[in-house]
Structures are given as structure tokens and as C-alpha cells.
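Reading through the C-alpha cells given below for one structure.
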Amino acid sequence: MSIFYFNPLLAAYMLLLMFFIGACMGSFVNCIQIRLSTRSGSVFGRSECPSCGHRLGVFDLLPVLSWIFLGGKCRYCKSAISPRYVIVEAVFGLVYSGLLARFGLSWLTLEYILLFTVLLAASLSDISTMTVPDWLHIAGVAVFLVFLATHSDPLIRLRDGALGAVIYGGGVLAISLIADKIYKKDTLGGADIKVFALLGLFFGPVKMLLLLILSCIIGLILALIAKAGLGKEFPFIPSITAAAYIAALCGDEVIGWYLGLFSFGH
Ligand SMILES: [Zn+2]
């Protein structure tokens, strides 16, 4: 059900609430990711300021809001807090509320929220460590399988998904092996290939082609902006995630428009 079916005030409230839920999830994923990659202490434990070590209270940890109200500084020692936190929280919030705005109160919204949580976590991991833990890919596959029953024709979705995963996982693997031979170095990481296979599962063979093209365009633009040299490794999963988001929100419209170009006089 579209949320714009409700009155505007209620719809705005639901979008804001969804933004906040997303921002909380962003804060949580960020925190786990940093603790896992730096191996500083356990995953569960009280948060503290990395500069002064002061334990942080509830009002220091509100996603997005705390950072804005504290002016990007620690309340206790006034040292600057990395903008990474607020950027990640805001991206999660926007991704979540965008899905709610597009797909309303539906199983599909929930399925995409879980998928994009996995993809955003994989992106963060790719940016900071250039690897993605396998359990993230497995979590993505689990989301696909659990939500199969909420689709009108689960068997067709399963068939298309398997086809998409094999074609794009296998295809990208083959291309990267050939490219490795030509450039005599690793061109695409194993994590990139697994993410393509996972997305082939969700989007099927047709929409996946759009996603593949979009991710290359976005990746190229980001690499140019970041001035990544040819020799340097550049995390590709954030670009794939952005492409997947576009494909999820308006893939059907783009494909319909493209096919419409070839149907003259109808
Ligand atoms: Zn501090």
C-alpha cells in the first residue's frame, strides 16, 4: 500500500520515522564494522570517544542529530568527530525512506531494506578493508530465500534468480579472469563477483544487465572523481550498490522506456 494514500502529515511522519530507523541501523553497522576491522575490543560494549576515551551517553549517540547538535565535536574533549559516522547514517536513512516512499507498506519494502543493509555493510567493508566477509553474502542469499514466499510466483522468481546468479556471477568471473591475464594483475575482487551473483539472484537476467551497465558508469565516474590511478585498488561495491538502488527503484521504468524506443507506431 502506498504511504501517499494516507494524509500528507502521516506520510511525512512515516518517512521521517523510516529515516531515523535507517540512521540507527547505519550507526550500528558502522560501529560493528569499525570494531571488527580495528579489532579494538569486543563488538558489544559501551561506546566511547576515540580521542579522550570518555563513555558516550544516549544523547551523544543519536544518529545524525547528535553530530549536528554537537557541531561535529566530542562533548567532552571537543576533538572533531569523523564525518564518516554522520555520512553513513544519513545514507542509510535516505536509502530506507526512499524504499518506503517507492514501495509503501509492503513485503517488498522490507525485503529491499534487508538487501540494501547487506549491500551498504559490504560497501563499508570494501571501502575500509577491500574485502567483504562471506557471511554478508550468505545473509543476502538468506533474505532472497526467506522472501520468496511473499512473491506471487515464487518458482518463476527462483528460476529467474538462479539464471541471473549463474549468468552474471559466472560471466563477471570469466571476464575478470581474462582481464587478469591481459593486465597481469587482479582486476576485480572475489567479493565483487559474489555481489554480482547475489544481485543476479534478486534482479534476474534482464534487470541485471541494466544494473551491470549502471555500476560500470557509476564506478568510472567515482574513480575519476577520486582520481584513482590505474595501479591503485578502488572499492567497486559502493558503485554496484548505487546501481542496484537505481535498478530497484526505477529499473522497470528504464527498461520499459528503452524497449519503447524500438516499438515504432504502437
Ligand atoms: Zn572526546
Single residue of the range 56-82 satisfying the filter (modelled with pLDDT of 85 or more and more than 15 Å from the ligand (Cβ to nearest atom)) that is farthest from Leu94 (Cα to Cα)
Phe69
What's the number of the only condition in (1) away from the ligand (no atom under 14 Å from the Cβ); (2) modelled with pLDDT under 90 that Gly53 fails to meet?
(1)
Phe59: assigned to a helix (DSSP H, G or I) and open to solvent by less than 60 Å² (accessible area, probe 1.4 Å), yes or no?
no
Within the range 33-45, is even one residue within 16 Å of the ligand (Cβ to nearest atom), under 25 Å from Ala242 (Cα atoms), within 22 Å of the chain's Cα centre (by Cα) and not assigned by TED's automatic domain parsing to the domain that holds Pro133?
yes
Within the range 76-97, count every residue that is among the charged types (D, E, K, R) and surrounded by fewer than 17 Cβ atoms within 10 Å (Cβ to Cβ).
2
Across the range 139-189, what is the number of residues that are out of contact with any helix residue (DSSP H, G or I) (no Cβ under 8 Å at 6 or more places or on another chain), acidic (Asp, Glu) and more than 26 Å from Ala223 (Cβ to Cβ)?
1
Selection count where residues are farther than 10 Å from Ala162 by Cα, in a helix (DSSP H, G or I) and not hydrophobic (A, V, I, L, M, F, W, C), scope the range 183-204
4
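The values are calculated or read from the model by the stated rules, or taken from the named source; none is laboratory data. Every value quoted in this text rests on a predicted model; they were computed, and no experiment measured them. Using ideal geometry, Cβ is built from the backbone for each residue, glycine included, and neighbour counts are taken over all protein chains shown. Surface areas here come from the heavy atoms of the whole protein model, side chains and all, with no ligands, DNA or RNA. Shrake-Rupley method; radii C 1.70, N 1.55, O 1.52, S 1.80 Å.
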